[in-house]
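These notes concern the structure reproduced below.
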Amino acid sequence: MSDLGDLYQQVILDHNRSPRNFGKLADANRQAEGYNPLCGDHFTVYLKVENGVIQDVGFQGSGCAISKASSSLMSAFLKGKTQEEAEKLFQTFHEMVMGKLSEPERLESLGKLVALSGVCDYPARVKCASLAWHAMIAALKGESREVSTE
Ligand code: ZN
């Protein structure tokens, strides 16, 4: 495995072992649940949104290492971002894990989230990696129903 792959793996293992922002967000004003029946990943994402800015993020639930690490990385990354930025990041992130990122320079906007770029080689894992993001988008839109990857 390449050094870069090694580094990415370390990031994923670290976030899986000690997830950031794990737990229910007491003062959340948006939340949505995401479920990936293929793998059994099940997370609720909590957001505190004020004036179009994501002030705080939390998540709760269980799932595989990829889904947990992705939720953790996302939660840390979205704090302070506007709703618009979050939607754009979701698009870029989704293209990355699908292996369809048209302009590689857009990867830079994803910061530490590039650690999940290797997921595109494992199609079954794409849903694990994007689950929390689908829930986050549903929460932003005020859709409290459960989102399923299926
Ligand atoms: Zn999974």
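The values are calculated or read from the model by the stated rules, or taken from the named source; none is laboratory data. Computed from a predicted structure; not experimentally measured. Here the Cβ is made from the backbone with ideal geometry for all residues, glycine too, and neighbour counts use every protein chain on show. The accessibility values were calculated without ligands, DNA or RNA, using every heavy atom of the protein model including side chains. Shrake-Rupley method; radii C 1.70, N 1.55, O 1.52, S 1.80 Å.
Counting lysine pairs in region 7-150 whose alpha carbons fall under 21 angstrom apart, excluding pairs fewer than 8 residues apart on the same chain, gives 27. Relative to the Cα centre, the charge distribution of the chain, modelled as +1 at Lys and Arg Cβ and -1 at Asp and Glu Cβ, gives a dipole magnitude of about 320 debye.
Evaluating 6.51 cos²θ - 1.76 cosθ + 1.60 at θ = phi - 60° for every residue in region 128-138, the Karplus couplings come out as 4, 6, 9, 4, 4, 5, 4, 5, 4, 5, 4 Hz, glycine and proline recorded as x. In this structure the amide hydrogen of residue 30, modeled in the peptide plane, comes within under 5 Å of the amide hydrogens of 47, 49, none closer than 5 places in sequence on its chain. Net length available on complete extension from residue 106 to residue 124 is 4.1 nm, with 0.36 nm assigned per residue and the Cα-Cα distance removed.
What residues of region 45-89 lie in the reach of a label at residue 24, counting those whose backbone N is under 13 Å from a point 7 Å from the Cα along Cα→Cβ? Answer for this model: 45-46, 59-61. Using θ = phi - 60° in the Karplus curve 6.51 cos²θ - 1.76 cosθ + 1.60, the 3J(HN,Hα) couplings for region 68-77 round to 6, 4, 5, 4, 5, 4, 4, 4, 6, 6 Hz; x is entered for Gly and Pro.
Quick one: compute the contact order of the chain, relative version, from alpha carbon pairs under 8 angstrom and 6+ residues apart, as a percent.
Details: 284 pairs, mean separation 47.0, N = 150.
The value is 31 percent.
Relative to the longest principal axis of the Cα atoms of the chain, helix 83-97 runs at roughly 30 degrees. Share of carbon and sulfur in the accessible area of the chain stands at 49%, probe radius 1.4 Å.
Across region 43-56, computed HN-Hα scalar couplings (Karplus, 6.51 cos²θ - 1.76 cosθ + 1.60, θ = phi - 60°) run 9, 10, 10, 10, 10, 10, 10, 9, 6, x, 10, 7, 7, 8 Hz from first to last residue, x flagging Gly and Pro.
Which whole-number value in Å² is the accessible area per residue of region 76-116, probe 1.4 Å? Could you put the intermediate results ahead of the total?
Details: 2300 Å² over 41 residues.
Roughly 56 Å² per residue, with all protein chains present.
Calculated on C-alpha atoms, the gyration radius of region 2-142 divided by its Kirkwood radius gives an Rg/Rh of 0.94.
Note on the chain: helix-only mean residue ellipticity at 222 nm, from DSSP H runs of 4+ residues weighted -39500 (n - 2.57) and normalised by residue number, equals -13500 deg cm²/dmol. Counting only alpha carbon atoms, the long axis of helix 3-17 and the longest principal axis of the chain meet at about 30°.
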